[in-house]
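Trainee: Please read through the structure below; I'll follow up with questions.
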Amino acid sequence: MPHAIRVHAHGGPEVLQWEAVAASEPGPGEVLIRQTAIGLNFIDVYERTGLYPGALPIGLGREAAGVVEALGPRVRGLKPGDRVAYVSSQPGAYAQERVVAADRVVKVPDGVSDRLAAAALLKGLTAWFLVRRTHRVARGDAVVVHAAAGGVGLILAQWANHLGARVIGVVGSESKAEVARTHGCQHVLLLGRDDLPARVRELSGGEGARVVYDSVGKDTFVASLDCLRPLGLMVSYGNASGPVPPIAPLDLARRGSLFLTRPTLFHYTARRADLERAARELFGVIGSGAVRIEIGQCYALQDVAQAHRDLEARRTIGSTVLIP
């Protein structure tokens with residue numbers, strides 16, 4: 001009988017339970033995937049704690065890679081044995097097998113391992129929409145990337161650097177600073193040590209950043225706004241330190257008629273054509289070597305509670321993969 005991680009009450013990592021679950025059959029437009037690698041992301045923590053509430057009990061996890069085991073009716077373009085990966089708008093990837101909608105699945109190209117695909121897809125597609133859609137990064141842009149040694153941050157910094165941006169990374173320790181420097185950041189600032197707005201203005205010739213990508217949330221939001229030049233764009237795409245408090249629109253005007261957005265991946269890939277384009281561009285920059293995916297750590301799926309502890313304590317570097 002297959003097993004999965006289930007959550008029956010919101011709380012700390014101790015609520016993650018390894019349980020036997022009923023085998024599933026794919027319905028119309030669905031595929032059954034035997035999962036070989038699962039990505040760990042901060043959204044999993046938000047759903048475990050109830051910051052992003054959901055009806056209990058729930059599964060966790062939004063991305064995985066594996067092998068197609070069975071097809072439901074009306075599925076075209078896939079066959080049993082295909083290596084695939086997916087990102088889902090619904091949690092439940094922490095499992096040995098899963099049924100998912102076929103139109104959310106992308107084939108994994110030759111030369112990309114299952115672990116690499118699971119480590120890269122959600123984080124890489126997030127980096128894609130941030131640098132290619134939310135703000136189309138251009139040569140010479142001064143770009144600030146928070147959590148620059150994290151899973152999304154490493155990909156985002158490399159991709160922005162590949163596009164010709166001046167990338168200023170922000171990290172929490174000297175060890176992470178070295179990682180960020182070798183992954184696309186021309187400059188690295190230390191959170192809690194450096195005066196971020198002053199240093200960003202200094203590094204950008206007095207102008208300020210064209211765009212700030214902030215996944216930290218509450219602890220860095222105001223400083224991030226103050227890093228921007230007039231008409232700059234604040235992209236708040238995560239809440240690692242907690243949700244951002246309310247802000248008055250007039251505060252944006254006072255700081256230079258700033259723009260503020262809170263985007264999510266699933267709006268940018270809702271159409272199948274957009275998902276295919278995003279995956280194609282992501283696998284393209286990986287294949288060319290412009291973006292290297294760092295799998296910093298792997299855990300057995302049954303040890304996912306420790307993986308969550310390490311993620312929340314910011315002890316992880318790069319991407320984390322869970323092995324069923």
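Trainee: Put +1 on the Cβ of every Lys and Arg and -1 on every Asp and Glu Cβ in the chain; which of Gly217, Pro197, Val87 then has its Cα farthest towards the positive end of the dipole?
Mentor: The one lying farthest along the dipole's positive direction is Pro197.
Trainee: Let me ask you something else. Given the options Ala198, Ala65, Ala157, which has the most mean-square fluctuation in a GNM of the chain, springs set between C-alpha atoms less than 10 angstrom apart?
Mentor: With Cα springs under 10 Å in the chain, the top fluctuation among Ala198, Ala65, Ala157 is at Ala198.
Trainee: Another one. Let me spell out the model: positive unit charges on the Cβ of Lys and Arg, negative unit charges on the Cβ of Asp and Glu, origin at the Cα centre of region 149-252. What dipole size does that give, in debye rounded to 20? Present the calculation step by step, with values, prior to reporting the outcome.
Mentor: Numbers: 9 positive and 10 negative charges, 42 e Å.
The dipole of region 149-252 has a size of about 200 debye.
Trainee: Which residue, Val188, Ser173, Gly11, has the largest displacement toward the positive end of the dipole of the chain when charges sit on each Cβ (Lys, Arg +1; Asp, Glu -1)?
Mentor: Most positive-ward Cα: Val188.
Trainee: While we're on this one: Take the alpha-carbon centre of region 131-205, take the same for region 24-83, and report the distance between them in whole Å.
Mentor: If you average the Cα positions of each part, the centres end up 32 Å apart.
Trainee: I need Thr36, Thr220 ordered by Cβ neighbour count within 10 Å, fewest first.
Mentor: Working: Thr36 20, Thr220 23.
Fewest-to-most Cβ neighbours within 10 Å comes out as Thr36, Thr220.
Trainee: Now a separate question. For the chain, with the dipole built from +1 on Lys and Arg beta-carbon atoms and -1 on Asp and Glu ones, taken about the Cα centre, which of Ala253, His146, Pro243 lies farthest toward the positive end?
Mentor: Among Ala253, His146, Pro243, the one farthest towards the positive end of the dipole of the chain is Ala253.
Trainee: Extension gain Gln90-Ser241, at 0.36 nm per residue separation less the Cα-Cα distance, in nm?
Mentor: Gain in length upon complete extension: 52.1 nm.
Trainee: Where in region 289-311 does the amide nitrogen come within less than 19 Å of the point 7 Å from the Cα of Arg34, taken along Cα to Cβ?
Mentor: Counting backbone N atoms under 19 Å from the label point, the list is 301-302.
Trainee: Mean Kyte-Doolittle of at least -1.0 and a Cα length of 15 Å or more along the axis: which whole DSSP H helices of the chain meet both?
Mentor: 114-129, 151-162, 272-288
Trainee: Based on Cβ point charges of +1 for Lys and Arg and -1 for Asp and Glu, what charge dipole magnitude is obtained for the chain about its Cα centre, in debye rounded to the nearest 20? Walk me through the intermediate numbers first.
Mentor: Details: 37 positive and 31 negative charges, 179 e Å.
Approximately 860 debye in magnitude.
Trainee: So, one more: Could you size up the charge dipole of region 242-324 around its Cα centre, putting +1 on the beta carbon of Lys and Arg and -1 on that of Asp and Glu, and report it in debye to the nearest 20? Let's see the in-between values first.
Mentor: Working: 11 positive and 8 negative charges, 56 e Å.
Computed about the Cα centre, the dipole is about 260 debye.
Read-outs throughout are calculated quantities, based only on the coordinates presented, and are distinct from any laboratory measurement. The structure presented is a predicted model; accordingly, all values stated were derived computationally and were not measured. Virtual Cβ from ideal backbone geometry, glycine too; neighbours counted across all protein chains shown.
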